[in-house]
Amino acid sequence: MANHDIRLTVRKGTVHALVGENGAGKSTLMKILYGMQKPDEGTIKVDGEQVSFSSPADAIARGIGMVHQHFMLADNLTVLENVALGSEKLYGIGGRARRRIAEISDRYGLGVRPDVLVEDLGVADRQRVEILKVLYRGARTLILDEPTAVLVPQEVDALFENLRELKSEGLSVIFISHKLGEVLSVADDITVVRRGTTVGTAVPSETTPRQLAELMVGSELPTPETSESTVTDRPVLTVKDLRLEAAGGKALLDDITFTIHAGEVLGLAGVEGNGQTELIDALIGLKHADSGTIALEAEEITAWPTRKRREEGVGYIPEDRHRHGLLLEAPLWENRILGHVTEKPNAKGFWLDPKAAQEDTRRIVEEYDVRTPGIDVTAASLSGGNQQKLIVGREMSHKPRFLIAAHPTRGVDVGAQAQIWDQIREARREGLAVLLISADLDELIGLSDTLRVIYNGRLVADADPATITPEELGSAMTGAATGHLEHEETPESPAKGAKTTPAEAAPQADADAPEDEAR
């Protein structure tokens, strides 16, 4: 049962956080509140009046709007066209609509320009367009699903300022996130769900991230910190002078050069849309570079097809699990085969071996704690976090030499985060070379042995994970710094090579500072 005995009360003019581990029932509850799924029992009241929703249109009519984690915008349309699409009866698609968009944007400090093409917007601006879109339809309660998953710290601050503006106007926000520090900083109230049931509420001013994690999953808040170095002098992946051009000749990647050694995690930081996707495509073989070389240990693989790269030990955790990682309508055991159809245990000679693949899927489900009633259910029936755990288990099971890990813990709970971090650290100790791409800067800093910054398709800066702060790294990601990023040493700064993360430092802050300052 996805939800049973769920109790949630959202006060007007507040940010109400909903937290819980993967498979806890958060997505099902939001689908019910947004009219995408009908409950079997129980009641929903809006402004004290009992309601029943048969579709999102019913929820919108009662002032409930939802901003999904994966944005639903058409890149080839303008902001105005995206906002007005499907709501032409409200203000048309001309001057009235433009004036209404400007009015909402100014009122809530969104800074949205109606005539800009969505494809020209950054991630944070696209999110603001999504928020404006639901406000345009008259929403008084907004559901935000993992709204900070792809934002750098400065963009998170800007989003939280937007939320404060919404609150000041009497609007309510349901804020779903796995980033507990952010939850505590922005929420007025917190509801915790576990295995489909409300297990408690928390007051942010009286709660620490560690306490909240324990309430969610019964364990302490994990940290991505990697204390010991396992980097060797054996190159596993060498990229030299890589260039990839768009159809019109514009450089999507330019002069990309780096080496990843056995036992090394190279973290790549950048605001989404600055060449990370194109680099991944070039490394996995989905696109072929216009110039430059890629070598896997002693062999140049620049011209190799994707299948040969996979067979020779290139692992791939994709940034978009729905588009590149799973067949959503296929059962789990068939998804376990994807990308490895010619390898054991999935194949026996020239033939697939479904029985062996099914047995190994059961092992992955158990080992990686994939919450599922069985291996014959479809991937679409799993929560996002459990889908991610299945993908990670699939890739790590083939003992790759080089792993592309793009947002490996996006949308997973703190317990699953810790498990995925442990798997990466263990494989690193055994000599795995990892390219880590993540929007979670604490994760990047904590797991990486080396940090590089990508901006407009070029590597523009490098940083020492032992000393760089998320704020400094976030600033470099927006193009504010180039070259080697030096962190000013203070008596309190960690020694060179000692990785200290914000999560690790939090208990000291709580002990020595007033509660508000510590957060």
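Of all lysines in the structure, those lying under 18 Å Cα to Cα from residue 348, and not within fewer than 8 positions of it along the same chain, are 308.
Summarising the amide proton neighbourhood of residue 273: residues at separation of 5 or more, or on other chains, whose placed amide H is nearer than 5 Å comprise an empty set. Rg over Rh for the range 289-345 works out to 1.04, using Cα positions for both radii and the Kirkwood form for Rh. Length available on full extension from residue 87 to residue 243: 0.36 nm per residue minus the Cα-Cα distance, which gives 51.9 nm.
The local environment of residue 277, defined by Cβ-Cβ distances under 10 Å, has a net charge of -4 under the rule Lys, Arg +1 and Asp, Glu -1. Exposure proxy for 53, 160: other Cβ atoms within 10 Å of each Cβ, ordered fewest to most, give 160, 53. Extension gain for residue 76-residue 322 works out to 86.4 nm (0.36 nm per residue, less the C-alpha to C-alpha distance). Note: relative contact order over the range 326-394, using C-alpha pairs below 8 Å and six or more positions apart, is 40 percent. For the range 82-138, the Cα-based Rg and Dmax, in that order, read 10.4, 29 Å. When all alpha carbon pairs of the chain are counted in 10 Å bins from zero, the resulting P(r) reads 4, 17, 28, 28, 18, 6, 0 %.
Select from 198, 18, 85 the residue farthest towards the positive end of the dipole of the chain; place +1 on Cβ of Lys and Arg, -1 on Cβ of Asp and Glu, and compute about the Cα centre. Of the options given, the answer is 85. With θ taken as phi - 60° and the Karplus curve 6.51 cos²θ - 1.76 cosθ + 1.60 applied, the whole-hertz 3J(HN,Hα) list for the range 26-31 is 5, 5, 4, 4, 5, 4 Hz, x standing for glycine and proline.
Quote the relative contact order of the chain in percent (integer), defining contacts as alpha-carbon pairs under 8 Å separated by 6+ residues.
Relative contact order, the chain: 17 percent.
Considering helices alone, the calculated mean residue ellipticity of the chain at 222 nm is -10000 deg cm²/dmol, with DSSP H runs of length four and up weighted by -39500 (n - 2.57) and normalised per residue. Taking the Cα atoms of the range 326-394, the ratio Rg/Rh between the radius of gyration and the Kirkwood radius comes to 0.95.
Could you put 351, 304, 333 in order, starting from the residue whose Cβ has the fewest other Cβ atoms within 10 Å?
Sorted ascending by nearby Cβ count, the order is 351, 304, 333.
With +1 on each Lys and Arg Cβ and -1 on each Asp and Glu Cβ, and nothing else charged, work out how big the dipole of the range 268-351 is about its Cα centre, in Debye to the nearest 20.
400
Near residue 378, once Lys and Arg are set to +1 and Asp and Glu to -1 for all other residues with Cβ below 12 Å from its Cβ, the sum equals -3.
Between the residues 141, 159, 178, the greatest Cα displacement towards the positive end of the dipole of the range 132-262, with unit charges on the Cβ of Lys, Arg, Asp and Glu, is found for 141. Taking θ as phi - 60° and the Karplus parameters 6.51, -1.76 and 1.60, the scalar couplings of the range 68-73 work out to 6, 4, 9, 4, 10, 10 Hz in sequence order, x denoting glycine and proline. Sequentially through the range 425-435, phi angles give Karplus couplings (6.51, -1.76, 1.60; θ = phi - 60°) of 5, 5, 5, 4, 4, 8, x, 5, 9, 10, 9 Hz, Gly and Pro residues having no value and appearing as x. This model, with +1 at the C-beta of Lys and Arg and -1 at the C-beta of Asp and Glu, gives the range 18-153 a dipole about its Cα centre of some 460 debye. How many nm separate the modelled label positions at residue 58 and residue 300, each set 7 Å beyond the Cα in the direction of the Cβ? Distance between the two pseudo-spin positions: 6.3 nm. The H on the amide N of residue 174, modeled in the peptide plane, is under 5 Å from the matching H of 16, 142, 143, 144, each at least 5 residues off or on a different chain. Amide H to amide H, with H built 1.01 Å from N, residue 342 comes under 5 Å of no residue 5 or more places away or on another chain.
Among 281, 422, sorting on how many other beta-carbon atoms sit within 10 Å of each Cβ, with the fewest leading, yields 422, 281. Rounded to the nearest 20 debye, the dipole size of the range 326-394 about its Cα centre is 80 debye, using +1 on the Cβ of Lys and Arg and -1 on the Cβ of Asp and Glu.
Normalising the average separation of contacting C-alpha pairs (under 8 angstrom, six or more residues apart) by the number of residues puts the relative contact order of the range 15-217 at 31 percent.
Residues with beta-carbon under 12 Å from that of residue 8, excluding residue 8: net charge, scoring Lys, Arg +1 and Asp, Glu -1? My count for the surroundings of residue 8 gives +2.
If you take the charge dipole of the chain about its Cα centre, with +1 on Lys and Arg Cβ and -1 on Asp and Glu Cβ, which of 69, 379, 393 is farthest toward its positive end? Result: 379, furthest along the dipole toward the positive end.
Values in this text are rule-based calculations from the coordinates and carry no lab data. What you see is a predicted model; the values in this text were computed from it and never measured. Methodologically, a virtual Cβ is constructed for each residue, glycine included, from the backbone with ideal geometry; neighbour enumeration extends over all protein chains shown.
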